[in-house]
Structures are given as C-alpha cells and as structure tokens.
Amino acid sequence: MQRLSLVRSACVACLALAAQPARAEPPGNWSVAIERLFGISRAWLRSNDGGPGEDQTSVSVFTQHQGGFGYSAPRVAVDYVLDLGLSFGGAFGFGKYRADYAYDDYRINAVLLAPRAGYLLTPTPTLAIWPRVGLTLTTSVRTGSEEDVSALTFEAPVVFLLRKHVVGLTVTPYFEYGFSGLDDYSPYNTVSELGVSIGGNAFF
Amino acid sequence: MGTASFDDRRWWRVREARWLSVVALGAALAAFSERDSRAAEPETSSPQRCDADGNCQVLPAAPSGFSLGVERLFGQTWVVRSRDGTDGSIEENFDSFNLFAAQTPHEGYSSPRLAADYLFDFGLTLGGALGYHGVRRDGYSADAWVLAPRAGYFWHFSRWVGLWPRAGLTWLIQHDDGDSSAEDELAVSLELPLVILVAQQRLGLLLEPYVDIGLPGGAVDLDERGVQVGVTVFF
C-alpha cells in the first residue's frame, strides 16, 4: 500500500513537472563566445610507448602569459542554437610566429580546430547550462618538426546571462581526452587536460 | 643585429615616447573640444526603445559607467628585445600573428587579459588590467604578473563608432625557476582602439593599434607594437 502511494506521488510529481514550461526561450540563435580566457587546469602528457610522461598545473587569473602544453589557448567560438536547444558550432584559430635570434631563426605555424555539438538548457532567463561534446584538433609546424595533438572534448559551460540576455559570463568545466598525438620525436604522445575556465558569451 | 649603440636607441625611445605622448594629448584635447561643441547642439536623433503600449525610452547616446573588456585577444605583434652582449648590442625580433585564438608563444607584453575601466560622463576614462599566470611542471615553475594602469578619453564621434585613445604603464614581471631567471619590464603604453558599438551600444568590438615602449633601466630593453582585437562590455 505504502509502495503504491509512493508510485502515485512520483507520477503526480512527473505530471506536475511535465505541466511546467519545458524551458525558457533560447536567448538568441547565434552565440559568439570568448573561451578559455583564464582559469585552472591540469594537463598530462603520456607516451604510449613507455616513455616518461609529464604533468602540468596552470593557474591563471585575468590573463594567460606563460606557455605550456595543453589545449587551453584563449579563442573565439561561434555556435548556432536551434529553437529546440540543439547547437552546432566550434572554434577555429590560426597562429604564425617567427623568432629572429642573434644566431638562429625559429618559426611556428599553428592551427586549432574545435567543432562541437551541444544542447542549451535555459532553466531560467538568466541562467543557462550548455553541455557540449566535440573534438579539438591542433597542429603546429615548427622549424624542422611537426606536432599534431587531438582530443575528445567534453564541456559543460554555465552561462550567467546579463544585460537583457545579450551578454553572459561563462564558467566552463571541461575535460579533454587526448586520443591521438604525433610528432617527429615522440610518435605516440597524447595530451589530456582537465580544468575550469572563465569566458564571455554574447547571444544575438 | 642592431648597428646603433644601446644608449642611442634608449634615448631615441625616450624621445619617441615623449613625441607619442604629445600626439595622444593633442588628440585627446581635440576630441574634448569637438565633444564640447557638439554638446551645445540639440540632439535630434537619439535612439529610442518603445514597448507595445507606445511608451518610449531614450537610450544613452554614449557609453558611460563601468566597462569590462577582454583585450589583446589576437592580432599582430612585433617585438624587439635588445640587450648588451660581449660583442656590443644584440637585438632579437619576434613577429606573431594570431587569428581567433592566441596559440603561439608569448613574447613581449601582450597576452589576452581582462581589463576594467570607469568612463566618466565627459569622456575621461580611468582603469587598467591586472593578471597572473603560474605554471608548474616536474622540476619547473614559472610565474608572470601583468599590471597595466591607464587613463584615456572615449571620443564617441558617431553613434556606432568611437575612438578611445589611452596612455598608461605596463609592468611585466616574470620569474622562472627552471633556469632561475627573472625579468622585470616596465613600458609606456599608448593605445588607440577603434570601438565599434553593437547590441544597443553595450558591446564594443575593439581594433586596437598600440605601442609598448620599454623604459630604460633593466638589463634588457623590450619594445612592442601591434594591432590587436578585443571586446568590451559597457554596463
């Protein structure tokens, strides 16, 4: 009898939840974001052929100035959010660097590509949770060598919307699972990263 | 490799800093007088926001109050590092170009940073950027501090476009346990961001030419110039 009333109560609760509006309207169909601006992260490089690995901890507040390995370069990202909440988008970046030392030259060309899909949940007009999954592919061609590192990316940004829903502050927990790595010296290195980063988001 | 002596180039940089300061001051004064003369003219086309009942609210003509921005996000930089060597002055050059992501190594003063400013009603702005980044690896640690106070003038010469000449200082303090090196650089920073205002003039896209002129005093002289992109929210 007691079990039956529990089941009834659960059914009533489910019906009550179903009667609520499922979600608030998405704040805009286009999202432009500045991501991985600063935060805390732990990255680890592993060699699948038994070589030594390397661990790195990075703490940044308001800026990123030091180098290091991992995927968290500050970037601009664009997503399209369908009315039902599904989103598609990604980030793209290109970098070119030349160091002209007194007795040597050093050049790097780097590309970052991070396609992704997600689902924008907006439980309240000022709060959104946006679980996403995607890939992060990076390649850098240096003087005399090339390095490619790739990861499966899981992230769940929490967006605090401000200013009539146009602009939001984003706190993003993320995990990058390194599944592929290749460079001219260590052919089986992978890089994974776990962290929380801060960024900004605007919906149009 | 440079040919001029180290002291000559330091003196030239001081002169360059003075000259650019005069130009920036002149531009700010011109902007101030222009704004003053415009203030006397009646506003004829202020943007309005109206609700369904026809109640209209005049939107502010120019941003004022606090702004929070992300600056030097990506773009082009040219960095020159000069130091005295055993065979005379040694000059090293670093060029970097980034599009949509800052992926390449950082040289000089520029790194993506959070900045906050207060904009007074008459256009004067006061603010700056502060940042810290520390990296720890096995047997290695490195820290960097960036502090960049500044003052400027927001010249809102069109409803959607403004110029924001700014002058200030940039301190860059780096410490590296790996090779026990430390670097402490101070520069005069002159910036002239072009601000494109969107989203009800609350969001500004910045296209920012700048120079960071290293001040003499350290073992190394570090100068930088470039054009970077940023974004600012006006509250």
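For this structure, a couple of remarks:
- Boolean, A:Thr138 is hydroxyl-bearing (Ser, Thr, Tyr) and more than 14 Å from every other protein chain (Cβ to nearest Cβ): no
- Pairs where the first residue, in the stretch B:203-227, is at pLDDT below 90 and surrounded by 20 or more Cβ atoms within 10 Å (Cβ to Cβ) and the second is not in a strand (DSSP E or B) and not hydrophobic (A, V, I, L, M, F, W, C), C-beta under 8 Å, 6+ apart: B:Asp221/B:Arg9; B:Asp221/B:Arg10; B:Asp221/B:Arg13
Conditions (1) surrounded by 16 or more Cβ atoms within 10 Å (Cβ to Cβ); (2) farther than 27 Å from B:Pro105 by Cβ; (3) of a type outside the set (Ser, Thr, Tyr), marked per residue:
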site	(1), (2), (3)
A:Leu112	yes, no, yes
A:Thr122	yes, yes, no
A:Pro125	no, yes, yes
A:Arg132	yes, yes, yes
A:Gly144	no, no, yes
A:Asp148	no, no, yes
A:Tyr177	no, no, no
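- Hits in the stretch B:208-235 (condition: more than 14 Å from chain A (Cβ to nearest Cβ) and in a strand (DSSP E or B)): B:Glu208, B:Pro209, B:Tyr210, B:Val211, B:Ile213, B:Gly214, B:Pro216, B:Gly218, B:Asp221, B:Asp223, B:Arg225, B:Val227
- Scanning the stretch A:87-105 for residues that are hydroxyl-bearing (Ser, Thr, Tyr), surrounded by fewer than 17 Cβ atoms within 10 Å (Cβ to Cβ) and more than 9 Å from every other protein chain (Cβ to nearest Cβ) returns a single hit, A:Tyr103.
- Checking B:Glu107, B:Glu91 one by one, the residue that is assigned to a strand (DSSP E or B) and within 16 Å of B:Glu224 (Cβ to Cβ) is B:Glu91 and no other.
- Scanning the stretch B:94-112 for residues that are more than 7 Å from chain A (Cβ to nearest Cβ) and either in contact with a Leu (Cβ under 8 Å, 6 or more places away or on another chain) or of a type in the set (A, V, I, L, M) (or both) returns B:Gly108, B:Tyr109.
- Residue within the stretch B:132-146 that is under 16 Å from the mean Cα position of the chain (by Cα) and more than 10 Å from chain A (Cβ to nearest Cβ) present: no
- Looking at B:Ala102, B:Ala116, B:Ala129, just one residue is under 20 Å from the mean Cα position of the chain (by Cα) and modelled with pLDDT under 90, and that residue is B:Ala102.
- Matching residues, the stretch B:113-131, being hydrophobic (A, V, I, L, M, F, W, C), crowded, with 21+ Cβ neighbours inside 10 Å and within 11 Å of another protein chain (Cβ to nearest Cβ): B:Ala115, B:Ala129
- Residue, farthest from the other protein chains (Cβ to nearest Cβ), within the stretch A:49-64, restricted to residues that are of a type in the set (Gly, Ala, Ser) and surrounded by fewer than 23 Cβ atoms within 10 Å (Cβ to Cβ): A:Gly50
- Checked against (1) of a type outside the set (Phe, Trp, Tyr); (2) modelled with pLDDT of 95 or more; (3) in contact with a Phe, Trp or Tyr (Cβ under 6 Å, 6 or more places away or on another chain), B:Gly178 meets all criteria but (2).
- Flag for B:Pro149 being touching a strand residue (DSSP E or B) at 6+ places or on another chain (Cβ under 6 Å) and either basic (Lys, Arg) or surrounded by fewer than 20 Cβ atoms within 10 Å (Cβ to Cβ) (or both): yes
- Whenever a residue of the stretch B:118-141 is free of Cβ contacts under 8 Å to residues at least 12 places away in the same chain and farther than 23 Å from B:Arg166 by Cβ, its partners that are in a strand (DSSP E or B) and not basic (Lys, Arg), lying with C-beta atoms within less than 6 angstrom and at least six residues away or across chains, give the pairs B:Gly134/A:Val59; B:Gly134/B:Asp143; B:Val135/A:Ser58; B:Val135/B:Ala142; B:Arg136/A:Thr57; B:Arg137/A:Gln56.
- Checked against (1) in contact (Cβ under 8 Å) with a residue 60 or more places away in the chain; (2) among the aliphatic types (A, V, I, L, M); (3) within 14 Å of chain B (Cβ to nearest Cβ), A:Ala151 meets all criteria but (3).
- Failed item in (1) over 18 Å from A:Gly195 (Cβ atoms); (2) in contact with a Pro (Cβ under 8 Å, 6 or more places away or on another chain); (3) among the polar types (S, T, N, Q), with A:Ser145 passing the rest: (2)
- Residue, farthest from the other protein chains (Cβ to nearest Cβ), within the stretch A:65-86, restricted to residues that are over 16 Å from the mean Cα position of the chain (by Cα) and crowded, with 23+ Cβ neighbours inside 10 Å: A:Val81
The values are calculated or read from the model by the stated rules, or taken from the named source; none is laboratory data. On a predicted model such as this, the values are computed, not experimentally measured, just so you know. With ideal geometry, Cβ positions are generated from the backbone for all residues, glycine too; neighbour counts draw on all protein chains shown.
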